[in-house]
Every structure is written in C-alpha cells, then in structure tokens.
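Trainee: Before I ask anything, here is the structure I am working with.
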Amino acid sequence: MPARAQVSAEDIARMRQLQPGEFIAKTREGCSVIRKERGPNSKDVIANSVSRDSWEGGCAEGMALGPGKYIARNDKMETVGSTDMWYFYGRGIGQAVFTSQSPGVYQGSKSESFAWDGIFYSRNVSRMEPLEPKENAVVPRIWYSPKEYANELSYTLHPACGVDRQPCVTEQRPSPTGNFFDGLKHLPCNGSCGSLWMEKAGPLFTAFDNFAQQHAADVAALKQALAPTVERMKREADGQRAAAQAEAARVEQQFRTSLQTMNPGQLFAKADELNAKGDRARAREALRALVSRFPDHPLALTAARQMEGGAK
C-alpha cells in the first residue's frame, strides 16, 4: 500500500483525542503523555509508573510535543532506560529507539519501535531470521500493540522455559483476568527454535516493516506541520534556560561576594539559613569564611567545631 503524501486536518484532530481505553498520565515534571489501560485495575499502576519518569523535550498545553528523550525509572527511582522519540501532544509517533540501562546482559541493549495513530510495534532484533536462544544473552522479542488492548500480541525466544527448562517461544496475549500468566503460552522448540520462531514471530516482523513503510510519509508530514511550533518552543526553552543560567550565575556571584563582606554574625546566620534549605556544601563555605576571616571571633570556634563534627 503506497504511503500517503500528507496528513489531513481530520487525522490530526482525531489523533489528539483519547481513544477508548486511553488516559493521560503526568510525568515527574508534570508534562503528560497518553497511555493505554492494560487490563483490569491497571490505570493507577501505569499512572504511578509514569509519575516517576521524565520527558526531556517540549511540552505544549501540558502534553509532550516534538523530539526528545523519555527517561524510565523503577520504583527505587533508578533509571532503567531511555527512549529517543517524538511525541504528538502526548502520543508517540514514528520511529523510536529504547536503550536499556538495566544491569547485566541488558545494559546498553536497544529496541526499536514504530508508532502511528495509537498502533505500536516494537522489537529488539532488527530483522527476521531463524534464531536459536542463547544463555546469558538478551532474549529476542517482538511486540504488537493495536488500538484494542485485547488484540495485543508478543513473541519472545527463551533458552529455558517451564519446569524442564527447555528452549521455547512464548506467546503473550492479554488475559481477561488481568493476570500476566493467564495470557502466557509456552511453545516448545522440540530441538530447533529457528523454524518455530520464524513461523510465529515472522508475520509480526513483516507487519512491522510494512506498517513503518506505510506511515513513514504520514510521520514526516506531521513533523513538518509541527515544525514551526516545535521551533518556537525550542527558542522559548533556550531563552528560559539562558535566563535560568544567568540568574544562577548572579546568585552565585552574590554569594561569593557576601562571603567577603558579611560580618561574623551574618556569616553564622547564613550558614544556618543554608543548612535549613539543605544546602550543606554552601553552609560549610559560610562557616569556613567565618573561621578564615575572623579567626579570633567567639563564633569562629563554634563554626570550626560544627565543620569538624559535620553538624552543618
């Protein structure tokens, strides 16, 4: 099917609307993205997960917009990976690349995906071939997520499955119960996984490639239509960043000057103020300035003791 040359206004309006099962979730910084419910009682879990994540990119009308990097974190606030991608008002579009930061064999591994109009494909191997599973290696996986969550499908090639720990291909579909394992099926390789992997995962690889080719022009057209908005947002962000840097430099210079001009009581009070704000490093600098400039002042001995004891 040939790619369309442009995206209509109707397409754009539709893609900004939430589809059945979709909801808006806020990232750590408050910029929102669109997520899909994944079974019973999943909305709160997903929203909580997104609230730990960060979007390093533009934000318009409270929604992620344009190119950037999505940072994913676990419940310990450890970064587990990042995705270089594009958002259209909170909805992922086009090609994206996820880089894992999980420890072990997954450290630095990558997955590619392609999304358009609520449909999403993802895979961590770039092409279809008769693979055999390997121990202590990234397991090959391909995942298809259509608009209807009930029709999601993924295949993964494992070196050891079940109680007998034999190689298999797992087929994962959503379960009405919401239990992950109720939708999981183990397909034994029976000696050779290559042909089974080709048989099961092959159609998804073909569909992934066809889908990406079919909508590449759509993605390009939408990005082009958004270019003026994205460029304006970039200029505004650059201006805000420059202003913030200038203000930080001004505050820093003011602090440095105050260390040389404040009297002992002011320096001691400044250290208390900075400690109350949690800025222990600068508090110690204020105490150090007090001791250095006024070594014979009664407060100098107290300041020295506080620095030595780590109280401030």
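The values are calculated or read from the model by the stated rules, or taken from the named source; none is laboratory data. All values reported here derive from a predicted model rather than from experimental measurement. Because the Cβ atoms are built from the backbone with ideal geometry, glycine has one as well, and the counts that use them run over all protein chains shown.
Trainee: (1) assigned to a helix (DSSP H, G or I); (2) in the same structural domain as Ser154 (by TED's automatic domain parsing); (3) surrounded by 14 or more Cβ atoms within 10 Å (Cβ to Cβ): which one isn't true of Glu199, the others all being true?
Mentor: (3)
Trainee: Could you tell me how many of the residues in the range 92-106 are buried (at least 16 other Cβ atoms within 10 Å of the Cβ) and closer than 19 Å to Gly58 by Cα?
Mentor: Result for the range 92-106: 5.
Trainee: Something else about it: With at pLDDT below 95 and either not assigned by TED's automatic domain parsing to the domain that holds Gly57 or not in a loop (DSSP other than H, G, I, E, B) (or both) as the only criterion, which of Leu301, Leu267 stands out? Show your work before the answer.
Mentor: Values: Leu267 fails: at pLDDT below 95.
Within the list Leu301, Leu267, the selection yields Leu301.
Trainee: Taking the range 102-134 only, how many residues are touching a helix residue (DSSP H, G or I) at 6+ places or on another chain (Cβ under 8 Å) and either at pLDDT 95 or above or not in a loop (DSSP other than H, G, I, E, B) (or both)?
Mentor: Total satisfying the criteria: 5.
Trainee: Listed residues Glu112, Glu135; which is of a type in the set (Asp, Glu) and either closer than 19 Å to Leu153 by Cα or within 20 Å of the chain's Cα centre (by Cα) (or both)? Talk me through it step by step, then tell me what you get.
Mentor: Values: Glu135 fails: either closer than 19 Å to Leu153 by Cα or within 20 Å of the chain's Cα centre (by Cα) (or both).
That would be Glu112, the only listed residue that is of a type in the set (Asp, Glu) and either closer than 19 Å to Leu153 by Cα or within 20 Å of the chain's Cα centre (by Cα) (or both).
Trainee: Being charged (D, E, K, R), more than 23 Å from the chain's Cα centre (by Cα) and either outside any loop (DSSP other than H, G, I, E, B) or at pLDDT 95 or above (or both), is that true of even one residue in the range 212-220? Spell out the reasoning first.
Mentor: To start, the set of residues in the range 212-220 that are charged (D, E, K, R) comprises 218.
Add one more test, that the residue is more than 23 Å from the chain's Cα centre (by Cα), and what stays is 218.
Within this subset, residues satisfying the condition of being either outside any loop (DSSP other than H, G, I, E, B) or at pLDDT 95 or above (or both) are 218.
Within the range 212-220, one or more residues are charged (D, E, K, R), more than 23 Å from the chain's Cα centre (by Cα) and either outside any loop (DSSP other than H, G, I, E, B) or at pLDDT 95 or above (or both).
Trainee: Which one of the conditions (1) under 30 Å from Asn124 (Cβ atoms); (2) touching a Lys or Arg at 6+ places or on another chain (Cβ under 8 Å) does Asn210 fail to meet, given that it meets all the rest?
Mentor: Unmet for Asn210, out of (1) under 30 Å from Asn124 (Cβ atoms); (2) touching a Lys or Arg at 6+ places or on another chain (Cβ under 8 Å): (2).
Trainee: Restricting attention to the range 7-34, which residues are in contact with a Ser or Thr (Cβ under 9 Å, 6 or more places away or on another chain) and without any contact (Cβ under 8 Å) to a residue 60 or more places away in the chain?
Mentor: Passing the criteria: Ala25, Lys26, Thr27, Arg28, Glu29, Cys31, Val33.
Trainee: Let me ask something additional. Among (1) over 24 Å from the mean Cα position of the chain (by Cα); (2) surrounded by 11 or more Cβ atoms within 10 Å (Cβ to Cβ); (3) assigned to a helix (DSSP H, G or I), there is one condition Ser175 misses while meeting the rest; what is its number?
Mentor: Every listed condition holds for Ser175 apart from (3).
Trainee: Given (1) within 30 Å of Ala9 (Cα to Cα); (2) surrounded by fewer than 16 Cβ atoms within 10 Å (Cβ to Cβ); (3) touching a Pro at 6+ places or on another chain (Cβ under 8 Å), where does Glu135 come up short, assuming only one miss?
Mentor: So the condition that Glu135 fails would be (1).
Trainee: In this structure, does Ala201 turn out to be more than 27 Å from Gly104 (Cα to Cα) and among the hydrophobic types (A, V, I, L, M, F, W, C)?
Mentor: Values: more than 27 Å from Gly104 (Cα to Cα): no; among the hydrophobic types (A, V, I, L, M, F, W, C): yes.
So Ala201 fails the test.
Trainee: Another question, if that's okay. For the range 55-79, what are the residues that are under 14 Å from Ile24 (Cβ atoms), touching a strand residue (DSSP E or B) at 6+ places or on another chain (Cβ under 6 Å) and in a strand (DSSP E or B)?
Mentor: Trp55, Met63, Ala64, Leu65
Trainee: Pairs needed: first member in the range 216-242, of a type in the set (A, V, I, L, M, F, W, C); second member anywhere, at pLDDT below 90 and surrounded by 11 or more Cβ atoms within 10 Å (Cβ to Cβ); C-beta distance under 6 Å; at least 6 residues apart or different chains.
Mentor: Short answer, once both residue conditions are applied: Ala216/Ala3; Ala217/Ala3; Ala217/Arg4; Ala221/Gln6; Ala221/Val7; Leu222/Val7.
Trainee: Can you tell me which of Ser113, Ser126, Ser109 is crowded, with 19+ Cβ neighbours inside 10 Å and within 25 Å of Ala212 (Cβ to Cβ)? Reasoning before the result, please.
Mentor: Values: Ser126 fails: crowded, with 19+ Cβ neighbours inside 10 Å; Ser109 fails: crowded, with 19+ Cβ neighbours inside 10 Å.
Residue meeting the stated conditions: Ser113.
Trainee: Next question. Which of the residues that make up the range 35-44 are touching a residue at least 24 places away in the same chain (Cβ under 8 Å) and loosely packed, with under 14 Cβ neighbours inside 10 Å? Walk me through it before giving the result.
Mentor: The initial filter retains those residues of the range 35-44 that are touching a residue at least 24 places away in the same chain (Cβ under 8 Å), namely 36-42.
Scanning the range 35-44 gives Pro40, Asn41.
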